[in-house]
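The values are calculated or read from the model by the stated rules, or taken from the named source; none is laboratory data. In this text, all values refer to a predicted model and were calculated from it rather than measured experimentally. Neighbour counts run over all protein chains shown; Cβ positions are idealised from the backbone, glycine included. When the accessible area is computed, the model is the full protein with side chains, heavy atoms only, and any ligands, DNA or RNA have been set aside. Shrake-Rupley method; radii C 1.70, N 1.55, O 1.52, S 1.80 Å.
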Amino acid sequence: MTMRPQPRFPEPDTQPFWDATKEKKLMYQTCDDCPEVIFYPRAHCTQCGSLNNTWNQSKGLGTVYTFSVVMQSRHPAFKDIGPYAVAYVDLDEGFRIMTNVVNVKNPIEDIKIGMKVKLSWLDQGEGEISLPMFEPA
Ligand SMILES: [Zn+2]
């Protein structure tokens, strides 16, 4: 299996996020100085600019905000998987992630905006990061 494109480490802002994926934990940040939920991971709060934030583990339950189906990709990691869905999923904790919706027979017919989904990890190999995907809940 050809690995999907990977983050280029060192990644100062997102390293804790990627390290947690090795233990299949989906992490997000909350600001210590205002109510903001911060995602994707970064050093500062996107609302108030504070550098004080806390890492939290998501329960991995969410809702499809929107999606698109890629019918064909020539990238070696994708060329054999057939049509696949790229989606934005809104997690119950209040952040939105770009991801894939997997474990459906037909991504065109079986995925709906607003459907409930749950976390499903795509391993990239022993000791490697794992990629957070979602499947019907
Ligand atoms: Zn803030």
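In percent, rounded to a whole number, the relative contact order of segment 9-57 is 34, using alpha-carbon pairs under 8 Å and six or more apart.
Label-to-label distance, S50 versus M3, with points set 7 angstrom from Cα along the beta-carbon direction: 3.6 nm. Measuring nothing but protein heavy atoms, the accessible surface of segment 8-116 at 1.4 Å probe radius is 51 percent carbon and sulfur.
What the Cα atoms of segment 1-101 give is an Rg and a Dmax of 15.5, 46 Å. Note on E11 and H75: their simple-model spin labels are 1.3 nm apart, each label 7 Å out from Cα toward Cβ. Backbone phi angles across segment 76-91, fed through the Karplus curve with coefficients 6.51, -1.76 and 1.60 (θ = phi - 60°), yield HN-Hα couplings of x, 6, 10, 5, 9, 8, x, x, 9, 9, 9, 9, 9, 10, 8, 6 Hz in residue order; Gly and Pro are listed as x. Segment 58-91 and segment 99-137 have Cα centres lying 7 Å from one another.
Place the peptides 51-64, 72-85 in order of packing, highest mean first, counting for every residue the other Cβ atoms within 10 Å and averaging per peptide.
Working: 51-64: 15.9, 72-85: 12.4.
Output ranking for 51-64, 72-85: 51-64, 72-85.
Protection proxy ranking of 23-32, 8-17, 125-134, by the mean of other Cβ atoms within 10 Å over each peptide's residues and highest first, is 23-32, 125-134, 8-17.
Calculate the tail of P(r) for segment 9-57: the fraction of all Cα-Cα distances greater than 17 Å, expressed in %. The answer is 30 percent, as a whole percent.
Measuring nothing but how far apart in sequence close Cα pairs (under 8 Å, 6+ apart) lie, relative to its length, the chain scores a relative contact order of 22 percent.
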